[in-house]
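Participant: Please find one structure pasted underneath; my questions will follow.
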Amino acid sequence: MAADRPLLSPATLALAKAGTQRPAYDRSRLRTGIVHLGLGAFARAHQALYTEELHAAEINDWGMTGVSLQRPDQRDRLMPQAGLYTALQKDRTGVSARIVGCVNSVMVAPEDPVAVVEAMADSRVKIVSLTVTEKGYCIDPATGRLQQSHPDIRHDLEHPGEPRTAVGFILAALERRRDEGMAPFTVLCCDNLPSNGRLLASLVSDFAALRDCGLATWVETHASFPSTMVDRIVPATTAEDIAETARLTGLADAAPVVHEPFRQWVIEDRFIENARPRWDRVGAELVGDVAPYEHMKLRLLNGAHSALAYLGYLAGHETIADTVEDPVLRAFVQGLWREEIIPVVPAPPGTDLSNYARMLLERFSNPAIRHRTWQIAMDGSQKLPQRLLATARERLSRNLPLPRIALALAAWLRYVGGIDESGREIDVRDPLASHLRTVLDQAGNTLHDRVRAVVEIEAIFGSDLSRDTRLTNALTDAYTRLLTRGARNAAAELSSAGI
């Protein structure tokens, strides 16, 4: 049991079992050069590990301060351990443990937003990075701009010194920098959003213009928002993972993370005063244009992940690995890539998309990574526009069929309806969950009416797809087959029909 072990801390590091990688550098020399908003599992299994590996490769003083924008849980787990935590890498061959030391501290924004702004405004901070998920940016899905009516945005406009949102914190700290005659920091978005740097720049600019046109001009002129593409499968940490960490390291860790071996980080090399860790020394790719990489990842990896999550959940599969072990759903996702996604996605330089898809299938099949279908299915209204609807638009613009995309969307539609194929209630987690249920409940009596009512939600489908009868008809056909035959049989019919 983890409770029987010494607590992970600087004083107990030397007690870690043989085979556990530990920080071999002097942590006291670290200075907070990076403030990271949203220090969840992904950030600690991805960006922080690049930073940690750089400490092993060269002497530097780059440290991170994490900020939790909502709850104190992460702080309460990490700070008794002085920011230390264990990263478990898992694949078919086994598991390895690495204790990570580059996190200096963790703050909780709702407890003291002024202190968070001060930390971000510190001249020694060169980068403010983010992993706050798609819903954390207060985007109006219909326009792609800032949702000015969002209650937290309204709060931040009325209380600019005590913000709640990521956009509000960024602008408050940039304003402090401007007022004190300092250079701005680089804002590094690491969430799965298309052109994430440019998108975040537009959101901050929109917010700044509501506050002060002069501030908006200063931000647009002096600040930098590089785009990035991040990739690593990081499932939610379970009690079993915590117990396994204790067995492997001999230390009790309340905040381990689990990840697959694969990782990728493509970064637009556009930093203020070129101030950044040399992440490229440990595998990050610094490029002039991130767009081809992000399109590839969002549509092939994330699009397939969402499709498998909804179909797999409805078919009774708990994890993505379980789902792709099902030969029917394995054939479905292979057909989705081969027939519908790859033909309309430009390949990044030197990349074979068919090989990339084969690598994705191998990653999805990793039985050691228990990435739950329910976890991936969360927040579909925020994820599907980038992951599946963008590909749908491409195919419709070329007048190409989209039966697999339609079936994936139909599976989402059934999922958000709240009842699975066995009649059990689904715990739907989505910002628009109640609205979607209301729309479905108030729709007409036919399946076509239900589909049309959902497709007309412009916040998800935009004004173009909401009016496109080809999508409505394809989705109605897929939804009908899904309801009458079930997810697995509906997917099998696509393969057997040679579609």
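The values are calculated or read from the model by the stated rules, or taken from the named source; none is laboratory data. None of these values were measured; they are calculated from a predicted model. Ideal geometry is used to build each Cβ from the backbone, glycine not excepted, and the neighbour counts take in all protein chains shown. Heavy atoms of the whole protein, side chains included, go into the accessibility calculation; ligands, DNA and RNA do not. Shrake-Rupley method; radii C 1.70, N 1.55, O 1.52, S 1.80 Å.
Participant: Do you know which residues across the range 111-139 are hydroxyl-bearing (S, T, Y), open to solvent by less than 40 Å² (accessible area, probe 1.4 Å) and part of a loop (DSSP other than H, G, I, E, B)?
Facilitator: Scanning the range 111-139 gives a single hit, T131.
Participant: If N355 satisfies all but one of (1) modelled with pLDDT of 95 or more; (2) open to solvent by 10 Å² or more (accessible area, probe 1.4 Å); (3) not in a helix (DSSP H, G or I), what's the number of the condition it fails?
Facilitator: With (1) modelled with pLDDT of 95 or more; (2) open to solvent by 10 Å² or more (accessible area, probe 1.4 Å); (3) not in a helix (DSSP H, G or I) applied to N355, the lone miss is (3).
Participant: If you check T217, T237, T143, which single one turns out to be of a type outside the set (A, V, I, L, M), under 20 Å from the mean Cα position of the chain (by Cα) and open to solvent by 40 Å² or more (accessible area, probe 1.4 Å)?
Facilitator: Answer to the check: T237.
Participant: Right, another one. Specify which of the listed residues (L475, L447, L482, L471) is of a type in the set (A, V, I, L, M, F, W, C) and without any contact (Cβ under 8 Å) to a residue 40 or more places away in the chain.
Facilitator: None of the other options fit; the residue is L447.
Participant: Could you grab me the full set of residues in the range 73-107 that are out of contact with any Leu (no Cβ under 6 Å at 6 or more places or on another chain), of a type in the set (A, V, I, L, M) and open to solvent by 10 Å² or more (accessible area, probe 1.4 Å)?
Facilitator: Within the range 73-107, M79, A82, M107 qualify.
Participant: Given the condition surrounded by fewer than 16 Cβ atoms within 10 Å (Cβ to Cβ) and under 23 Å from R299 (Cα atoms), answer yes or no: does some residue in the range 442-464 qualify?
Facilitator: yes
Participant: Do you know which of the residues in the range 301-333 that are in a helix (DSSP H, G or I) and among the small types (G, A, S) is nearest to D379 (Cα to Cα)?
Facilitator: S306
Participant: Which condition does R395 not pass, out of (1) part of a helix (DSSP H, G or I); (2) more than 20 Å from the chain's Cα centre (by Cα); (3) closer than 22 Å to Y313 by Cβ, if it passes all the others?
Facilitator: Here R395 clears every test but (3).
Participant: Related question: Select from the range 358-373 the residues that are of a type in the set (K, R) and touching a residue at least 24 places away in the same chain (Cβ under 8 Å) and write down the one among them that is least open to solvent (accessible area, probe 1.4 Å).
Facilitator: Within the range 358-373, the match that is least open to solvent (accessible area, probe 1.4 Å) is R363.
Participant: Also, quick follow-up: When you check R299 against the structure, is it among the basic types (K, R) and in contact with a helix residue (DSSP H, G or I) (Cβ under 7 Å, 6 or more places away or on another chain), yes or no?
Facilitator: yes
Participant: Taking the condition of being more than 16 Å from W412 (Cβ to Cβ), open to solvent by 10 Å² or more (accessible area, probe 1.4 Å) and among the hydrophobic types (A, V, I, L, M, F, W, C), how many residues in the range 299-320 meet it?
Facilitator: 0
Participant: Right, here's the next one. Provide a single number: the residues in the range 446-499 that are more than 30 Å from D326 (Cβ to Cβ) and hydroxyl-bearing (S, T, Y).
Facilitator: 4
Participant: I need the full set of residues from the range 367-378 which are at pLDDT 95 or above and in a loop (DSSP other than H, G, I, E, B), in order please.
Facilitator: If the condition is that a residue be at pLDDT 95 or above and in a loop (DSSP other than H, G, I, E, B), then M378 is the only one that fits.
Participant: With respect to A243, determine if the residue is without any contact (Cβ under 8 Å) to a residue 40 or more places away in the chain, under 28 Å from D4 (Cα atoms) and surrounded by fewer than 18 Cβ atoms within 10 Å (Cβ to Cβ).
Facilitator: So A243 fails the test.
Participant: Can you pull out the residues in the range 3-37 that are of a type in the set (A, V, I, L, M), open to solvent by less than 20 Å² (accessible area, probe 1.4 Å) and farther than 13 Å from G101 by Cβ?
Facilitator: Hits for the range 3-37 are I34, V35, L37.
Participant: Within the bounds of the range 374-397, is there any residue that is surrounded by 20 or more Cβ atoms within 10 Å (Cβ to Cβ) and over 18 Å from L465 (Cβ atoms)?
Facilitator: Yes: the range 374-397 contains one or more residues that are surrounded by 20 or more Cβ atoms within 10 Å (Cβ to Cβ) and over 18 Å from L465 (Cβ atoms).
Participant: Go through (1) part of a helix (DSSP H, G or I); (2) touching a Phe, Trp or Tyr at 6+ places or on another chain (Cβ under 8 Å) for V428 and report which single condition fails.
Facilitator: (1)
Participant: Regarding the range 243-264, can at least one residue be identified that is in contact with a strand residue (DSSP E or B) (Cβ under 7 Å, 6 or more places away or on another chain), under 18 Å from T373 (Cα atoms) and among the hydroxyl-bearing types (S, T, Y)?
Facilitator: No, the range 243-264 has no match at all.
Participant: Oh, and also: Do any residues in the range 285-313 that are closer than 14 Å to L193 by Cβ have Cβ atoms under 8 Å from those of residues that are open to solvent by less than 10 Å² (accessible area, probe 1.4 Å) and modelled with pLDDT under 95, where the two are at least six apart or on different chains, and which pairs are they?
Facilitator: Close Cβ pairs (under 8 Å, with a partner that is open to solvent by less than 10 Å² (accessible area, probe 1.4 Å) and modelled with pLDDT under 95) amount to Y293/P348.
Participant: Would you check if there is a residue in the range 334-347 being more than 20 Å from I405 (Cβ to Cβ) and either open to solvent by 10 Å² or more (accessible area, probe 1.4 Å) or not in a helix (DSSP H, G or I) (or both)?
Facilitator: No, there is no match, as no residue in the range 334-347 is more than 20 Å from I405 (Cβ to Cβ) and either open to solvent by 10 Å² or more (accessible area, probe 1.4 Å) or not in a helix (DSSP H, G or I) (or both).
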